[in-house]
Amino acid sequence: MTRNIQTIKLVDPIVQSLLFVFFAYSLDGGDYVTPMVLIMAWVVISSAVHLFLDFSRKKIVERAINFVLVVIFLIVWFLTKNRKDHYLETIGGDGPMQIPIRQTIMVSLGIAISFWYYVICFREIRHIIKKRSKKNM
């Protein structure tokens, strides 16, 4: 595996980590949709780039399945984002508040799919490190 491929495989989860932190901070501000869409866009771009990199067949299949799920999710997201949402009323620290049910479920599902991709990336890094340590022995 060349150094450029290793660099890409190491930089990818770092960027994802930054996007997840950005998402976590946006939860407090209320606009968590934009960071979620950014994370999903990164997953699509990263998956497309990784399809052309030489690596384990198992990881390629996992990435392909994840890619299909992300594309389906994004299509459903953009088709349903302007629909009227139902709200769950609850009492929070600032008093009564309304939580959009569909949007909350969709964002949670999107983040779960993105997190699965994140785990795939770290498993690849673990595999690279294990492979490298065997070569050095």
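When you scan region 58-75, do you find a residue that is touching an Asp or Glu at 6+ places or on another chain (Cβ under 8 Å) and in a strand (DSSP E or B), even just one? No, every residue in region 58-75 fails to be touching an Asp or Glu at 6+ places or on another chain (Cβ under 8 Å) and in a strand (DSSP E or B).
Kindly provide the set of residues from region 110-130 that are without any contact (Cβ under 8 Å) to a residue 12 or more places away in the chain and of a type in the set (Lys, Arg), ordered by number. Those that are without any contact (Cβ under 8 Å) to a residue 12 or more places away in the chain and of a type in the set (Lys, Arg): ARG126, LYS130.
From the list TYR87, TYR117, the one residue that fits, being more than 19 Å from ILE8 (Cβ to Cβ) and not small (Gly, Ala, Ser), is TYR87.
From the set of residues in region 21-39 that are in a helix (DSSP H, G or I) and touching a Ser or Thr at 6+ places or on another chain (Cβ under 6 Å), which is surrounded by the most Cβ atoms within 10 Å (Cβ to Cβ)? Talk me through it step by step, then tell me what you get.
From region 21-39, those in a helix (DSSP H, G or I) are 21-29, 33-39; that's our starting set.
The next check asks that each one be touching a Ser or Thr at 6+ places or on another chain (Cβ under 6 Å); those that pass are 35, 39.
Working: PRO35: 21, ILE39: 24.
So the residue we want is ILE39.
Of all the listed residues (LEU53, LEU10), the sole one being closer than 16 Å to ILE120 by Cβ and not in a helix (DSSP H, G or I) is LEU53. Checked against (1) surrounded by 11 or more Cβ atoms within 10 Å (Cβ to Cβ); (2) more than 25 Å from VAL43 (Cα to Cα); (3) touching a strand residue (DSSP E or B) at 6+ places or on another chain (Cβ under 9 Å), THR104 passes all but a single condition, namely (2). If you go through region 113-137, how many residues are among the small types (Gly, Ala, Ser) and exposed (fewer than 11 other Cβ atoms within 10 Å of the Cβ)? The qualifying residues number 1.
Values in this text are rule-based calculations from the coordinates and carry no lab data. These figures come from a predicted structure and were not determined experimentally. No Cβ is skipped: glycine too gets one built from the backbone with ideal geometry, and neighbour counts run over all protein chains shown.
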